[in-house]
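The values are calculated or read from the model by the stated rules, or taken from the named source; none is laboratory data. Small disclaimer: the values here were computed from a predicted structure and weren't measured. Glycine also receives a Cβ, built like all others from the backbone with ideal geometry; neighbour counts cover every protein chain displayed. All accessible areas refer to the heavy atoms of the entire protein, side chains included, with ligands and DNA or RNA removed. Shrake-Rupley method; radii C 1.70, N 1.55, O 1.52, S 1.80 Å.
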Amino acid sequence: MRIETDGRPATAAELFGTYGHFTAMQVRDGGVQGLSHHLGRLDAAHRELFGCELLGERVRDLVRHALAGTADAAGTADASVRVLLRDAERVSVSVAEPNQPPAAPQRLRSVQYLRPFPHLKHLGSFAQLEWARRVRLDGYDDALLTAPDGALAESSIANIGFLRDDGVVVWPDAPQLHGIAMQLVEATTPSTRRVVRRDDIATFAGAFLVNSIGVAAVASIDDVPLPGPGPLLAGVVERLADVPWERV
């Protein structure tokens, strides 16, 4: 992993802290799907947390600089990139190996927990990661966060969408991050929002997780199985794949 702050190697002190916000993206051949959405999210969170704007062109320059240090002989880089802000001024960029979504449908276990300030992609992630760790010890792939009234929200690291028989994606109407990949699916596949509870799961034609890494089918939630990947989910994946990759 390569980590830079304002275009120079990050110091140890700059790698610690639990206050701040970030965005995570996959870079392929120097491009990012939904890059303008990522930059807009960073700016909105920066204004909310630090009271000042974050210029998108500055972020792009710093991402390009960090990527240049990992480029291959042809001058291109495929990578996982995070842009992280712990204060009003310094911009940290980490570059790591590219990620792919899990190939196997995911088994989720519901837990009663909602992220604080869920509209922000912030650094306060201990509880959601700990729930994910605990359910994995029980043989599940990830935790599905739920409200006290049983309304489903999001997984520990992704949005969840449910498929109706007509191909419409139903997003849970519950406190959650409006993820960039979720926004891209909304722009390419008919979507709606409503409260979804455990008793509703079996009525759907399938479900999937989506984040910057990609789309993964959901095999089951608790002890409720869901139909395997089929044409409806394949259509979501294909339309998402057609979203242009914006040059960094």
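Residues in the stretch 75-91 that are farther than 27 Å from A153 by Cα and crowded, with 21+ Cβ neighbours inside 10 Å: A77, A79, V91.
The conditions of being among the aliphatic types (A, V, I, L, M), in contact with a strand residue (DSSP E or B) (Cβ under 8 Å, 6 or more places away or on another chain) and without any contact (Cβ under 8 Å) to a residue 40 or more places away in the chain are met by V170.
Do the conditions hold for G167, that is, is it modelled with pLDDT of 95 or more and at positive phi? Taking the combined requirement at face value, the residue satisfies it. Taking the stretch 31-57 as the range and being open to solvent by 20 Å² or more (accessible area, probe 1.4 Å) and either at pLDDT below 95 or closer than 29 Å to L240 by Cα (or both) as the test, the residues that pass are Q33, S36, H37, L39, G40, R41, D43, A44, L55, G56, E57.
Annotation: of all residues in the stretch 116-160 being more than 18 Å from R198 (Cβ to Cβ) and small (G, A, S), the one that is surrounded by the most Cβ atoms within 10 Å (Cβ to Cβ) is A158.
For the stretch 21-38, check the following and say yes or no: at least one residue is closer than 29 Å to Q100 by Cβ, in contact with a His (Cβ under 9 Å, 6 or more places away or on another chain) and part of a helix (DSSP H, G or I). No: zero hits. Based on what the data block shows, is E89 assigned to a helix (DSSP H, G or I) and farther than 27 Å from E238 by Cα? For E89, the condition - assigned to a helix (DSSP H, G or I) and farther than 27 Å from E238 by Cα - is not met. The sole residue among Q106, Q112 that is open to solvent by 20 Å² or more (accessible area, probe 1.4 Å), more than 18 Å from the chain's Cα centre (by Cα) and at pLDDT 95 or above is Q112. Taking every residue in the stretch 50-71 that is under 16 Å from R2 (Cβ atoms) and touching a residue at least 12 places away in the same chain (Cβ under 8 Å) and pairing it with any residue that is polar (S, T, N, Q) and open to solvent by less than 70 Å² (accessible area, probe 1.4 Å), at least 6 positions away or on another chain, the pairs with Cβ-Cβ distances below 8 Å are A66/S94. Considering only the stretch 215-228, I want to know if a residue exists there that is modelled with pLDDT under 95 and open to solvent by less than 60 Å² (accessible area, probe 1.4 Å). Among the residues of the stretch 215-228, at least one is modelled with pLDDT under 95 and open to solvent by less than 60 Å² (accessible area, probe 1.4 Å), which makes the answer yes. Taking residues in the stretch 195-207 that are in contact (Cβ under 8 Å) with a residue 12 or more places away in the chain, and partners anywhere that are buried (at least 16 other Cβ atoms within 10 Å of the Cβ) and in a helix (DSSP H, G or I), the pairs with Cβ atoms closer than 9 Å and at least 6 places apart or on different chains are A205/L232; A205/L233; G206/L232; G206/L233; A207/I201; A207/L233. Contact annotation: residue pairs with Cβ atoms under 9 Å, 6 or more positions apart or on different chains, pairing a residue in the stretch 212-241 that is within 20 Å of L152 (Cβ to Cβ) with a partner that is of a type in the set (A, V, I, L, M, F, W, C) and modelled with pLDDT under 95, are A216/A103. Looking only at the stretch 203-214, residues that are farther than 20 Å from L177 by Cα and either open to solvent by less than 10 Å² (accessible area, probe 1.4 Å) or of a type in the set (D, E) (or both) come to 1 in all.
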